[in-house]
Amino acid sequence: MRYFEFKEQIQRELMKHPDGLTWEELKNQLKLPYTRPCQTWIKQLEDEIGLSRVRGTQRALIWKIEPSEDNN
């Protein structure tokens, strides 16, 4: 899987779930082939689509897309 494909899948899924999803939920729902996300790709997603990761009620981070006009 290339970064561009990863980005599109993550962005599309998070747009459907404005409250966010954990990495485990994203990985399972999208059938991603990764145990853990690549930190370089996470940084790119933060810069390109406004990805934020916030601490949930448990230990897991919740992945969300912050609304922005540049999230295209």
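Bridgeable lysines around LYS16 (alpha carbons under 19 Å apart, same-chain partners fewer than 8 residues away excluded): LYS7, LYS27, LYS31, LYS64. For semi-axes √(5λ) of the Cα gyration tensor in Å, the value calculated from this model appears in [x] 36, 12, 9; [y] 40, 19, 9; [z] 16, 15, 11 under label [z]. Net length available on complete extension from SER52 to LYS7 is 14.8 nm, with 0.36 nm assigned per residue and the Cα-Cα distance removed. Over the residues of the chain, the helix contribution to mean residue ellipticity at 222 nm works out to -14000 deg cm²/dmol, using -39500 (n - 2.57) for each DSSP H run of at least 4. A cut-off of 5 Å between modelled amide H atoms, ignoring neighbours fewer than 5 places along the same chain, links THR22 with TRP63. Projected label points at GLN44 and LYS31, each 7 Å from Cα along the beta carbon direction, are separated by 2.3 nanometres.
Values quoted throughout were computed directly from the atomic coordinates according to the rules given, and no laboratory measurement underlies them. Predicted model only: the values in this text are computed from it and were never measured. Cβ: placed from backbone, ideal geometry, glycine included. Neighbour counts: every protein chain shown.
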